[in-house]
Amino acid sequence: MDLGLTGRTYLVTGASSGVGLATAELLLGEGANVIACARDGVRLAQALEPLPRATGARVVAESCDVLDAEAVAGFVARAGADLGGLDGVVNNAGRSLMASVADTTAEQWREEFDLKIFAVLNTVRAAEPYLRRSRAGAVVNVNAILARQPEPRLAATSAARAALLNLTRTLAADLAPVRVNSVCLGLIDTGQWRRRFEAVGALSYEEWSAEVAADRGVALGRLGRAEEVAYPIVALLSPRASYITGSSIDVGGGVARYV
Ligand code: NDP
């Protein structure tokens, strides 16, 4: 099925690794142009350079911190002008903070909300004029199952994720006919988990990640792969999903306990 992405342009934040990189790769393969950012511009360029792309698909990549509203506005304006518009945004840049309520400082609480809420508002505000001009404007917020199923060891991240899920509904109403949806991730095998494994430094990565999946009750018994998240993100961006807005898709291998 043709997803109708050829020649369209999508902004992917945090595109230098994991879910963002897999999403950029899929979009380029579908013939879409990609506007990509991450803080480390060198790593970003190195990650994007080898990606296969369909004929005509272009990449504009720049170092940009999504927390810096002015920098985001400038970057989006430059890239949008360069590529002749913008049809969608994937708010993916981020990380989690492994800490309980007792171990989280006030500053860390603010940083989590900055990254999960204000960073999303920064890109959406910058992109809104372009998205409204597109006939297929779409935003996908990369979120976590933690939004509905908080974990005490990820206290601030869980609360900030819940706030983002709520905000996504408001944005869906505010920005319509631009569509705004979420993908809520479980445990996905990316840089985040590799860093945690290196910090623990015990078994092989395969044994350790299988133990993590069992400990968290992942029905499919393994961590997810970045491309397994990229497919639903790209499906939600596609004009084929033209009547889906304000929705969220769990991509967690069955880790969610709610109905
Ligand atoms: P990775 O660590 O692999 O990639 C994170 C990306 O975000 C990198 O490109 C990083 O580049 C970029 N980034 C981080 N902070 C900023 C910033 N302030 N401004 C711009 N870019 C930034 O993470 P994942 O692919 O695993 O995660 C993607 C998203 O999914 C994140 O929002 C994460 O919280 C969420 N998620 C992931 C889960 C998982 O199990 N992997 C579970 C639930 C949610 P750089 O450091 O150079 O800026």
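Selection of the range 1-51 for residues being within 18 Å of Ala138 (Cβ to Cβ), more than 11 Å from the ligand (Cβ to nearest atom) and part of a loop (DSSP other than H, G, I, E, B) yields Met1, Asp2, Leu3, Gly4, Leu5, Thr6, Gly7, Arg8, Glu30, Gly31, Ala32. Summed over the range 25-41, the residues that are surrounded by 19 or more Cβ atoms within 10 Å (Cβ to Cβ) and charged (D, E, K, R) give a count of 2. For Leu44, the requirement of being hydrophobic (A, V, I, L, M, F, W, C), in contact (Cβ under 8 Å) with a residue 40 or more places away in the chain and either in contact with a Gly (Cβ under 9 Å, 6 or more places away or on another chain) or buried (at least 16 other Cβ atoms within 10 Å of the Cβ) (or both) is not met.
Considering only residues that are open to solvent by 30 Å² or more (accessible area, probe 1.4 Å) and more than 28 Å from Phe113 (Cβ to Cβ), which ones fall in the range 55-77?
Within the range 55-77, the first condition is being open to solvent by 30 Å² or more (accessible area, probe 1.4 Å), and the residues that meet it are 55-56, 58-59, 61-63, 65, 67-71, 73, 77.
Thr55, Gly56, Arg58, Val59 - these are the residues of the range 55-77 that are open to solvent by 30 Å² or more (accessible area, probe 1.4 Å) and more than 28 Å from Phe113 (Cβ to Cβ).
Given (1) over 18 Å from the mean Cα position of the chain (by Cα); (2) at pLDDT 95 or above; (3) of a type in the set (A, V, I, L, M), where does Met1 come up short, assuming only one miss? The single condition Met1 does not satisfy is (2).
Residue-wise test of (1) modelled with pLDDT under 95; (2) of a type in the set (Asp, Glu).
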| site | (1), (2) |
| --- | --- |
| Leu146 | no, no |
| Leu154 | no, no |
| Ala160 | no, no |
| Leu175 | no, no |
| Arg179 | no, no |
| Thr190 | yes, no |
| Arg194 | yes, no |
| Glu198 | yes, yes |
| Val212 | yes, no |
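Restricting the search to the range 100-128, which residues are open to solvent by less than 80 Å² (accessible area, probe 1.4 Å) and aromatic (Phe, Trp, Tyr)? Hits for the range 100-128 are Trp109, Phe113.
Could you count how many residues in the range 227-248 are open to solvent by less than 40 Å² (accessible area, probe 1.4 Å), closer than 13 Å to Ala22 by Cβ and in contact with a Leu (Cβ under 9 Å, 6 or more places away or on another chain)? Final tally of qualifying residues: 4. Screening Leu131 against (1) within 16 Å of the ligand (Cβ to nearest atom); (2) open to solvent by less than 40 Å² (accessible area, probe 1.4 Å); (3) at pLDDT 95 or above leaves a single unmet condition, (1). Applying the set (1) in a helix (DSSP H, G or I); (2) outside the structural domain of Ala22 (by TED's automatic domain parsing); (3) away from the ligand (no atom under 11 Å from the Cβ) to Ala219 leaves exactly one unmet item: (1). Filtered by the rule that a residue be under 28 Å from Thr23 (Cβ atoms) and more than 16 Å from the ligand (Cβ to nearest atom), the range 79-110 gives Gly80, Ala81, Asp82, Leu83, Gly84, Gly85, Leu86, Asp87, Gly88.
Looking at Ala172, is it away from the ligand (no atom under 13 Å from the Cβ), touching a residue at least 40 places away in the same chain (Cβ under 8 Å) and out of contact with any His (no Cβ under 9 Å at 6 or more places or on another chain)? Write out each step before concluding.
Details: away from the ligand (no atom under 13 Å from the Cβ): yes; touching a residue at least 40 places away in the same chain (Cβ under 8 Å): yes; out of contact with any His (no Cβ under 9 Å at 6 or more places or on another chain): yes.
When the stated conditions are applied, Ala172 passes them.
Of the set (1) within 13 Å of the ligand (Cβ to nearest atom); (2) over 21 Å from Leu27 (Cβ atoms), all apply to Ile233 but (2).
The values are calculated or read from the model by the stated rules, or taken from the named source; none is laboratory data. Just so it is clear, the structure is predicted and the values come from calculations on it, not from any experiment. Methodologically, a virtual Cβ is constructed for each residue, glycine included, from the backbone with ideal geometry; neighbour enumeration extends over all protein chains shown. Each accessible area value is taken on the protein alone, full model and side chains, heavy atoms only, with ligands, DNA and RNA left out. Shrake-Rupley method; radii C 1.70, N 1.55, O 1.52, S 1.80 Å.
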